[in-house]
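The values are calculated or read from the model by the stated rules, or taken from the named source; none is laboratory data. The model shown is predicted, which means the values in this text are computed figures rather than measured ones. Cβ placement follows ideal geometry from the backbone for every residue including glycine, while neighbour counts extend to all protein chains displayed. We work out accessible area using only protein heavy atoms, side chains counted, and drop any ligands, DNA or RNA first. Shrake-Rupley method; radii C 1.70, N 1.55, O 1.52, S 1.80 Å.
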Amino acid sequence: MPATPTTDPLQRERDHLASSRSALRAMREDVQSLDIRDVTGTWVTAVILQNQIEARIAALADLSDTPLFFGRLDYLHAVSEELSEGGGGENFYIGRRHVHDADGDPMVIDWRAPVSQPFYRASRKDPMDVERRRRFGYTGGELTAYEDEHLTDPAEQETSSALLAAEIEKPRVGPMRDIVATIQPEQDEIVRSDITGTICVQGAPGTGKTAVGLHRVAYLLYAHRERLARTGTLVIGPNNAFLSYIEQVLPALGELEVAQATVQQLVAHVEVRGEDDPEAARLKGDARMAEVLRRAVRAGITLPTEPCVVVRGSRRWRVPAHELIGIIEELKAREVRYGAARDALPQRIAHTVLLKMEQGGEAPDDRVQDAVARNAAVKAVVKECWPAVDPAKLVLRLLSDPEFLAACAEGVLTAEEQRAVLWPKPGRSVKTARWTPADAVLVDEATDLVQRTPSLGHVVLDEAQDLSPMQYRAVGRRCTTGSATVLGDLAQGTTPWATASWPDALHHLGKPEAHVEELTKGFRVPEEVIAYASRLLPAIAPGLAPATSVRDTPGALDIRPVDGAEPDLDAAVLAACREALEHEGSTGLIAADARIPRLAELLTAAGLAHLSPGTETSAESRLTLVPASLAKGLEYDYVVLDEPAAVVAGEPDERTGLRRLYVALTRAVSGLTVLHAEPLPEQLG
C-alpha cells in the first residue's frame, strides 16, 4: 500500500532534504563509476581526465553538518520554458550546489544561479515575481525549523528574520564559515559584479567584506568556469594565520582549485632573514623605487663604438656602429621588458645583415637570420651593449653600493633617503645577504622589469589597506590582464606605509578605473561594541563613516578597570577567560605582542589549554591566545582584551597604535571584555 503524503510542512521539507541527499549520493556514484579506459588517447589525456574526475567527486561530497539547502523561493509565475504556458508558479530550493534527480530535474539550485538571485535581493518593494521566500533552520545537519515571508501579501507585517539572526550569531568554532544563507542585498550586488571590472570594497569591521570577496570568487568560477580554469584565481591574505582561518570557505562551496598566498609568498625570490626599521621599510615601499629600479636595470646598456663584422663563408658583412646605435636606441625607446629587448637585439642585428646580403645579390632565408643571430660577433655586441641582468644581484648591488644607488636615484630620492635605504652592512652575496620583506618586493619589481610576470584571471586582495605602493604593484602584476577584488578598511591600516585613500591604492595596483563600494552595516560585531570602537575613528581615519550594526546585544561590552600591579591584571585576565569559556563558542585573548609570552605561561600554569592563531578551534579547545599584530581578519564569539594602552604603545607611533587597538576591539561576535590597569587612551573618552 503506497505511503500517504504527509500534511506536515516541516516533515515535507525534511523529506525533500533526504531525497536531495540521496540524489547527491547518486550523482557522486555516477562519477565514481565512470570508466575512462576506452576514451583516452594517451597517458597524458588519461591523467588529466582522471584528475578532473577526482575533483568532481570531491566537489560532490556531502558534508553531514552542512545543509544541502537553506532556502526556498516560490515564484508567482513559471520560470522554466516548458512550464510557462501553464501559467502556474514554480518553487526552487536554494543551496550551496546544484543537485538533480535521476531524470535531470533540479532538486536544489546553486545559490549562484540567476534564478537564485531573488533569494538575496527580493523585497516587499520589489518582490521580483517571488510570492514566498522560505528560510530553513538547522541543528547540525537536521532541518528543525522554517520561516516564511510572503512578499506580495500586503496584510503581512514586515519583521526581521529570527532564523537569519540565529545563523549570523551562531557560535564560531573552527575555521571561517561561508555566508551563503545570510548574504545581504548590498553584499550580493558586489558578489555578482561582472568579471571584467575591478571592485574595491571599503568595509568596516563586521560588514562581511572578507566573506563577500570569497563568495565573489565562487560566483565568478560558476559564471566563468572555463575562462578562469585557463587563467587561474588567487586569494591574497595578510598572513598564514588568516589564510588558515578562511581556507575552508571555498571548498565548502565546492570550489577546490583557488590558490592562496601572502604577498611575501608571491615575491619569494630571495630568503628573507632581516628586518628594516620603519623609515627604511616605508621608503623601500615608496612608488618612487620603481623608477630607481627601472634605471638600475637599464644602467648596463651601452652604445657601441666599433662596427659588428659577421663572417659568412668567404664574405664579411659589416654593420657600422651608427646602425647598431640606431637599433639599440629604438629598443630602449620602445620600453619593452629588458629581457625581451635583449632577446630581440641579436635578431635585429641579424636582420640588418640579411638586408645587406640581399643587396649583395644573395637570397638568405629565416634559417640564415637565425644562424647570423648566433654568430660570435653578434653575441659579443649583445653581451657588451645589453648585458644580462640577474634581478637579485642587481638589487643587492643597489642596496650595497652608495655610488650605484646615487646614480640610479638622482632626482628621485634625496641624499638622506638614499642613506636610509642602503643596507647598514653591504651584502656579500644573494644567498648570505640579510634580505628584508621590503627588499623581496624590490627584487620582484626588478624581475618583472626583466621578464613579464604572468597574469591571472582574478585576484582577491584582502586587508589591502596595509600594503605599500610597491606591494600594490607586485599584486597588480599578477592581474594585468585580469580583474581584482580589493578588500580593506582604511581605519585598520597598521603599517607605517598604510594607504591613505583607495584611489591612491588602486592607481598603484594598476586599476585606477576600479569602482569603490562602501559597506557600513555590520552583521558580526554587536552595536555596543562597534560604537565604542568607533570613538577612535576621528583620530585614525578622519572622514570615514562609522559602522552601524543590525545586532543590538545589551551587555556585550564590559570595561573592567583593575587596581594594582601586573599580578592583579593577570588574575583578572584568567577570571575573564574562564567566564568567557562558560559560554558556547570560541574565545580569543588578545594582547600586545610583548605580553604574549607572559600570558602563555600564565594560561598554562592555570591549566587553561590555548591555541595559536590559525590553529583550528574545536569543541575541546576553544581558547586562542592572539598577539594584537595577528588579530586582523580573525573573529571570536567572546574576546578578552588585555591592557589597551600596551597595545597602543607596542607600535612605532600613536596613530598606528590606535589603529591596532581598533582592530582588537572589533574581533568579538557576542561579547567583549576590556581589562586595563593603565588609563585607557583618551580617544576612547
For helix 376-385, what angle does its Cα long axis make with the longest principal axis of the chain, in degrees from 0 to 90 and rounded to 10? 60 degrees
Beta bridge orientation in the chain: antiparallel %, DSSP, nearest 5: 35 percent
Label-to-label distance, nm, for residues given as Ala46 and Ser618 (7 Å Cα→Cβ offset): 4.0 nm
Toward the positive end of the charge dipole of the range 248-337, about the Cα centre and with charges on Cβ (Lys, Arg +1; Asp, Glu -1), which of Trp317, Met289, Gln265 goes farthest? Trp317
Given charges at Cβ of Lys, Arg, Asp, Glu: the chain dipole, positive-most of Leu413, Ser19, Ala649: Leu413
What list of ³J(HN,Hα) couplings, whole Hz, do you get for the range 312-328 from phi and the Karplus terms 6.51, -1.76, 1.60, once you set θ to phi - 60° and write x for glycine and proline? 10, x, 9, 10, 10, 10, 10, 9, x, 4, 5, 6, 4, 4, x, 5, 5
To the nearest 10 degrees, the tilt of helix 209-223 (Cα long axis) against the first principal axis of the alpha carbons of the chain is 80 degrees
5 Å is the cut-off here: which amide hydrogens, built 1.01 Å from N in the peptide plane, fall below it relative to Asn91, excluding neighbours closer than 5 in sequence? Tyr75
Phi to ³J(HN,Hα) by Karplus 6.51 cos²θ - 1.76 cosθ + 1.60 over the range 606-611, Hz, x for Gly, Pro: 8, x, 9, 4, 9, 10
With x for Gly and Pro, the residue-by-residue ³J(HN,Hα) of the range 455-466, computed from phi through the Karplus equation 6.51 cos²θ - 1.76 cosθ + 1.60 at θ = phi - 60° and given in whole Hz, is 9, 9, x, 8, 10, 9, 10, 9, 6, 5, 5, 8
Leaving ligands, DNA and RNA out of it, report the carbon-plus-sulfur percent of the accessible area of the chain at a 1.4 Å probe. 51 percent
According to a simple spin-label model (label point 7 Å from Cα along Cα-to-Cβ), what is the distance in nm between Leu680 and Glu29? 6.1 nm
For the chain, state the semi-axes of the equivalent ellipsoid (square roots of 5 times the eigenvalues of the alpha-carbon gyration tensor), sorted largest first and rounded to whole angstrom. 53, 38, 21
From the P(r) of the range 490-630, could you give the percentage of C-alpha pairs in the tail past 19 Å? 66 percent
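Decide, for the range 152-209, between rounded, prolate and oblate: order the square roots of the alpha carbon gyration tensor eigenvalues as a ≥ b ≥ c, take rounded if a/c falls under 1.5, and otherwise choose prolate if a/b is larger than b/c, else oblate. Spell out each step's value before the answer.
On the way: a/c = 2.47, a/b = 1.24, b/c = 2.00.
It is oblate, given that a/c is not under 1.5 and a/b is not larger than b/c.
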The range 331-384 and the range 121-186: distance between their alpha carbon centers, rounded to Å: 68 Å
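Rounded, prolate or oblate: which fits the range 509-561 when a ≥ b ≥ c are the square roots of the eigenvalues of the alpha-carbon gyration tensor, with rounded for a/c under 1.5 and prolate only if a/b beats b/c?
prolate
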By how many degrees, between 0 and 90 and to the nearest 10, does the Cα long axis of helix 654-665 differ from the longest principal axis of the chain? 40 degrees
Please compute the Kirkwood hydrodynamic radius of the range 141-263 from all pairs of different C-alpha atoms, in Å with one decimal. 16.6 Å
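Could you sort 556-569, 630-643 so that the peptide with the highest average Cβ count within 10 Å comes first and the rest follow in order?
Averaged packing, sorted descending, gives the order 630-643, 556-569.
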Just name one of Ala572, Trp497, Ala484: the one whose Cα is farthest towards the positive end of the charge dipole of the range 473-593 (beta-carbon charges, Lys/Arg +1, Asp/Glu -1). Ala484
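Please report the orientation-averaged projected area of the range 404-511, defined via the convex hull of its C-alpha atoms, in nm².
Dividing the Cα hull surface by four gives the mean projection, 8.3 nm².
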Ordering of 445-454, 311-320, 520-529, 274-283 by burial proxy (mean other Cβ atoms within 10 Å per residue, highest first): 520-529, 445-454, 274-283, 311-320
If you place +1 on the Cβ of every Lys and Arg, -1 on the Cβ of every Asp and Glu, and leave all else neutral, what size is the dipole of the chain about its Cα centre, to the nearest 20 Debye? 3300 debye
Taking amide H positions as placed 1.01 Å from N in the peptide plane, with prolines and chain starts having none, which residues 5 or more places from Gly137, or on another chain, fall under 5 Å of its amide H? Thr144, Ala145, Tyr146
Please give the net charge around Tyr338, taking every other residue with its beta carbon less than 11 angstrom from that of Tyr338, where Lys and Arg add +1 and Asp and Glu add -1. +3
Förster radius 30 Å - calculated FRET efficiency between Phe404 and Ala321 (Cβ-Cβ, nearest 0.05): 0.65
Within-14-Å neighbourhood charge of Val353 [Cβ basis; K, R +1; D, E -1]: +3
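Sorted by mean Cβ packing within 10 Å, highest first, what order do the peptides 135-148, 104-117 take?
Descending packing order for the listed peptides: 104-117, 135-148.
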Under 5 Å between amide H atoms, partner at least 5 residues away or on a different chain: which partners does Val235 have, H built in plane at 1.01 Å? Ala259, Gln260, Ala261, Val460
Filtering GluC sites (Glu not before Pro) in the range 331-390 by DSSP loop and by at most 11 other Cβ atoms within 10 Å leaves Glu335
Local electrostatic count, Leu602, Cβ distance below 12 Å [Lys/Arg +1, Asp/Glu -1]: -2
Does the range 547-685 come out rounded, prolate or oblate, given a ≥ b ≥ c as the square roots of the eigenvalues of its C-alpha gyration tensor, rounded meaning a/c under 1.5 and, failing that, prolate meaning a/b above b/c? rounded
